[in-house]
Amino acid sequence: MFNNLCCDEKCYKNLINGKWVGCTSGKTIEIKSPVDGSLVGSIPSMTKEEVDETIRIAKEAQTKWRDVPINERAKILHKAAVLLEEKAEEIADILVREIAKDKKSAVAEVKRTADYIKFTADAAKSMEGESIPADSFPGFNRSKISVVTREPLGVVLAISPFNYPINLSASKIAPALVAGNTVVLKPATQGSISALYLARVFQEAGIIDGALNTITGRGSEIGDYSVTHDIVDFINFTGSTEVGKRISQITSMKPLLMELGGKDAAIILEDADLDLAVKNIIAGAYSYSGQRCTAVKRILVMNSVADKLIEKLKEKIKDLKVGNPIKEQVDIVPLINSKAADFVESLIKEAEEKGAKLIIGGKRENNIIYPTLFDNVSLDMRLAWEEPFGPVLPIIRINNIDEAIEISNRSEYGLQASVFTNNINSAFYIADKLEVGTVQVNNKTERGPDHFPFLGVKASGIGTQGIRYSIEAMSRPKAVVITINKDI
Ligand code: NAP
Ligand code: G3H
């Protein structure tokens, strides 16, 4: 199924207007595996002219795609989901090599995405408009009625990050397409090859030419140009807060949906089930080496149970398997590149220098950072506030609930937080006061299930994702007002 994607075995092309096209400039970017430096493939480094042409193609196709009935769009999405499931192993193998995800998580990402696409197709079919009689408003009678339907926005520019190239591309593409938009996908450079496989799946499923197009190249070269392009009607971005802020500064009058960084806290109260908390913290903080927006990124624990919690965490961290995901199933994989590993190492060093107590880890081998836990992290350390996007977890001891709330809210971020307690009153008290999009009670911070609303406040995002929410975000109401003139 995946022939035509490459010029030869390793040189990939972009999907533009239903065809696989290499770049005319001949400039390519080599994608090397973060695991062993081997070449995964090359992708076109597109010029601004090529990006412009692609966006124009998407605009032209939109009028045709809008006219495809929703039930047919939904059928195509269902087919894409089935194809994706069939290709789960093959695509997961690319993910393992391209972004160093462990195989089990890579397969899970692809299968979850297939479910996401199916659910999106079904959700779109059951989304209805409304009719609003005027007489509920003072001074009006029943002679006026507003018939409200939903319209697509036009061309959606979808920009995805490296850590979920399939899922965080598809969770933009599927709701955008089903709502009648056309899409230009700009995947993260490291992650592009996986995303091109995804585009191939949608093409095989039968979307019309130009409904989904891909543009590859460095964000630093084509990013500003793409986001400020006149024809782009909506930007759906997932990535760092730094790039997200830049996009919102340089664009004007463009609606934005943004999922950005986080510093999710797990708050552990005295009465918490510590074994449950430990299980969730380990999975939440260290899976995919902490390279998840929703990773548990700080622990705020009551002093009275801190020693016990740390002892239990240490025992579990010892068991995490560190290594090469191409060779075997591991828990801790190499970080995406050496710059990311340098950054995490700098946070570790600064915490050590400022007196944090290293419980376990702190070691680096090439781009692998061993799972690291620090106790006694104080609020003057960068580790208390910055998002490592790596497997390093700070413990900040607290003396009461209000201190936990205050420290949690002092963060620039506001994605999610967890509260571990057996007291429902404490859970609700804290949840009510936390400045985040979602509070998890007795569970790790995480995005799914994917039909739940998912949003960040403050520097963690703009707008709300989640299947129905995403479809709504990428469509708008259209009102036709009918006035019955009795004199006629
Ligand atoms: P990133 O460096 O911000 O890149 C994200 C995307 O933006 C990539 O496709 C990148 O392309 C592109 N880009 C770079 N500069 C651009 C520009 N000037 N204009 C437009 N696009 C530009 O983020 P990342 O390293 O891939 O992902 C990690 C970050 O994403 C973390 O901070 C994480 O918390 C966040 N994240 C958040 C969520 C969430 O749901 N809240 C989910 C996943 C990740 P290139 O790759 O070519 O540079
Ligand atoms: O990296 C950000 C993802 O949206 C997080 O999804 O909680 O399922 O890992 P996840």
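The values are calculated or read from the model by the stated rules, or taken from the named source; none is laboratory data. Every value quoted in this text rests on a predicted model; they were computed, and no experiment measured them. Cβ coordinates were reconstructed from backbone atoms using ideal geometry, including for glycine residues, and neighbour counts include every protein chain displayed. Accessible surface areas use protein heavy atoms only, side chains included; no ligands, DNA or RNA. Shrake-Rupley method; radii C 1.70, N 1.55, O 1.52, S 1.80 Å.
Please count how many residues of region 20-45 are open to solvent by 50 Å² or more (accessible area, probe 1.4 Å) and in a strand (DSSP E or B).
Here the count works out to 5.
Restricting 87, 32, 103 to those that are under 28 Å from residue 327 (Cβ atoms), of a type in the set (Lys, Arg) and free of Cβ contacts under 8 Å to residues at least 40 places away in the same chain reduces the list to 32. Among the residues making up region 154-168, a single one is small (Gly, Ala, Ser) and within 12 Å of ligand 2 (Cβ to nearest atom): 160.
In this structure, residue 120 does satisfy being under 23 Å from residue 477 (Cα atoms), part of a helix (DSSP H, G or I), open to solvent by less than 40 Å² (accessible area, probe 1.4 Å) and β-branched (Val, Ile, Thr). Within region 331-347, residues that are within 10 Å of residue 370 (Cα to Cα) reach partners that are of a type in the set (D, E, K, R) and surrounded by fewer than 23 Cβ atoms within 10 Å (Cβ to Cβ) with beta carbons closer than 8 Å, at six or more positions or on different chains, in the pairs 332/321. Taking region 193-215 as the range and being open to solvent by 10 Å² or more (accessible area, probe 1.4 Å) and polar (S, T, N, Q) as the test, only 203 passes.
Quickly run through region 415-424 and pick out the residues that are surrounded by fewer than 24 Cβ atoms within 10 Å (Cβ to Cβ) and out of contact with any helix residue (DSSP H, G or I) (no Cβ under 8 Å at 6 or more places or on another chain).
Listed by number, the residues that qualify are 422, 423, 424.
For region 249-270, filtered to residues that are in contact with a Phe, Trp or Tyr (Cβ under 9 Å, 6 or more places away or on another chain) and open to solvent by 10 Å² or more (accessible area, probe 1.4 Å), the residue that is nearest to ligand 2 (Cβ to nearest atom) is 259. In the condition set (1) modelled with pLDDT under 95; (2) open to solvent by less than 10 Å² (accessible area, probe 1.4 Å), residue 106 is compliant with all but (1). Restricting to region 445-488, what's the tally of residues that are loosely packed, with under 12 Cβ neighbours inside 10 Å, outside any strand (DSSP E or B) and hydrophobic (A, V, I, L, M, F, W, C)? Number of matching residues: 2. Criterion applied to 64, 75, 48 was being in contact with a Phe, Trp or Tyr (Cβ under 8 Å, 6 or more places away or on another chain), assigned by the TED database to the domain that holds residue 123 and open to solvent by 70 Å² or more (accessible area, probe 1.4 Å), and the one residue passing it is 48. Exactly one residue out of 317, 281, 299, 310 is within 16 Å of ligand 2 (Cβ to nearest atom), buried (at least 18 other Cβ atoms within 10 Å of the Cβ) and at pLDDT 95 or above: that is 281. Restricted to region 186-304, the set of strands (runs of 3 or more DSSP E) holding at least 3 residues that are more than 16 Å from ligand 1 (Cβ to nearest atom) and closer than 30 Å to residue 374 by Cα comprises 264-268, 296-302. Each residue in region 311-322 was checked for being out of contact with any helix residue (DSSP H, G or I) (no Cβ under 8 Å at 6 or more places or on another chain) and in contact (Cβ under 8 Å) with a residue 24 or more places away in the chain, and 3 pass. Restricting region 220-241 to residues that are under 14 Å from residue 45 (Cα atoms) and open to solvent by less than 40 Å² (accessible area, probe 1.4 Å), the residue that is nearest to the chain's Cα centre (by Cα) is 223.
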